[in-house]
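Asker: Handing you a structure now.
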Amino acid sequence: ADVVLHAGDFTEEWVYEDLRSRASLVAVHGNMDSSALKAKLPRVAEADVLGHAVAVAHRIQAIPKRGEHSLVITGHTHLPYIKVKAGTVYVNPGSPTVPIPPLLSKPTVAVLTIWSDRVEASLVRVA
């Protein structure tokens, strides 16, 4: 991956450090993260990826300027979805470790392909 966008709930600091060592990382803390990670990571992160304004937050309610981003990544619910609304792609990748509901859902991540003129997203099962 060229860039990893992570919406929080690393749960272990080594996961954060490992991802950070492998790719450019845009990340926020989640409610399941340690106080050390919460001190290290913001509540909301914004980045420019190939000219696209990207927002990452654990909870969608934390996104301050709705409608000003090409791509919004959120987590918290662990319910995977991809939605497009008014030109913005909204993605919740689900969870690779704690899918919800646990007996019905499979672990997932989102894979994004970003070009200068568009963003494509897909959900991928990881187990």
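Asker: Looking at ALA27, ALA62, which is the one that is surrounded by fewer than 20 Cβ atoms within 10 Å (Cβ to Cβ) and either among the hydrophobic types (A, V, I, L, M, F, W, C) or touching a strand residue (DSSP E or B) at 6+ places or on another chain (Cβ under 6 Å) (or both)?
Answerer: Values: ALA27 fails: surrounded by fewer than 20 Cβ atoms within 10 Å (Cβ to Cβ).
Selected residue: ALA62, the only one of ALA27, ALA62 that is surrounded by fewer than 20 Cβ atoms within 10 Å (Cβ to Cβ) and either among the hydrophobic types (A, V, I, L, M, F, W, C) or touching a strand residue (DSSP E or B) at 6+ places or on another chain (Cβ under 6 Å) (or both).
Asker: Just to be sure before I move on: is ASP18 open to solvent by less than 20 Å² (accessible area, probe 1.4 Å) and farther than 21 Å from VAL119 by Cα in the structure I sent?
Answerer: Judged against the criteria, ASP18 is not a match.
Asker: Which one of these does VAL49 not meet: (1) open to solvent by 30 Å² or more (accessible area, probe 1.4 Å); (2) at pLDDT below 95?
Answerer: (1)
Asker: A further question follows. Of all residues being over 18 Å from THR74 (Cα atoms) and not acidic (Asp, Glu) in the range 112-127, which is surrounded by the most Cβ atoms within 10 Å (Cβ to Cβ)? Just the residue, please.
Answerer: Out of the qualifying residues, it is VAL126.
Asker: Right, something else. Considering VAL109, VAL84, which residue is over 12 Å from GLY8 (Cβ atoms), free of Cβ contacts under 8 Å to residues at least 60 places away in the same chain, open to solvent by 90 Å² or more (accessible area, probe 1.4 Å) and of a type in the set (Val, Ile, Thr)?
Answerer: Among VAL109, VAL84, only VAL84 is over 12 Å from GLY8 (Cβ atoms), free of Cβ contacts under 8 Å to residues at least 60 places away in the same chain, open to solvent by 90 Å² or more (accessible area, probe 1.4 Å) and of a type in the set (Val, Ile, Thr).
Asker: Here is a list: ILE100, ILE73. Which entry is touching a residue at least 12 places away in the same chain (Cβ under 8 Å) and open to solvent by 60 Å² or more (accessible area, probe 1.4 Å)?
Answerer: The conditions single out ILE100.
Asker: Test GLY67 against the criterion of being modelled with pLDDT under 95, open to solvent by less than 80 Å² (accessible area, probe 1.4 Å) and not hydroxyl-bearing (Ser, Thr, Tyr), and give yes or no.
Answerer: Taking the combined requirement at face value, the residue satisfies it.
Asker: Quick check on my filter: what residues within the range 87-97 are open to solvent by 30 Å² or more (accessible area, probe 1.4 Å) and either more than 14 Å from the chain's Cα centre (by Cα) or over 13 Å from ILE73 (Cα atoms) (or both)?
Answerer: Listed by number, the residues that qualify are GLY87, PRO96, THR97.
Asker: Counting only residues that are more than 19 Å from THR97 (Cα to Cα) and either among the acidic types (Asp, Glu) or in a loop (DSSP other than H, G, I, E, B) (or both), how many does the range 109-127 have? Walk me through how you get there before you give the answer.
Answerer: In the first step, residues of the range 109-127 are kept if they are more than 19 Å from THR97 (Cα to Cα); the result is 112-121.
This time we only want the ones that are either among the acidic types (Asp, Glu) or in a loop (DSSP other than H, G, I, E, B) (or both), so: 115-118, 120.
Within the range 109-127, residues that are more than 19 Å from THR97 (Cα to Cα) and either among the acidic types (Asp, Glu) or in a loop (DSSP other than H, G, I, E, B) (or both) number 5.
The values are calculated or read from the model by the stated rules, or taken from the named source; none is laboratory data. Because the structure is a prediction, the values reported are computed rather than measured. Quick reminder, even Gly has a Cβ in these numbers, built from the backbone with ideal geometry, and neighbours come from all protein chains shown. Please note that ligands, DNA and RNA were not included when accessible areas were found on the heavy atoms of the full protein model with its side chains. Shrake-Rupley method; radii C 1.70, N 1.55, O 1.52, S 1.80 Å.
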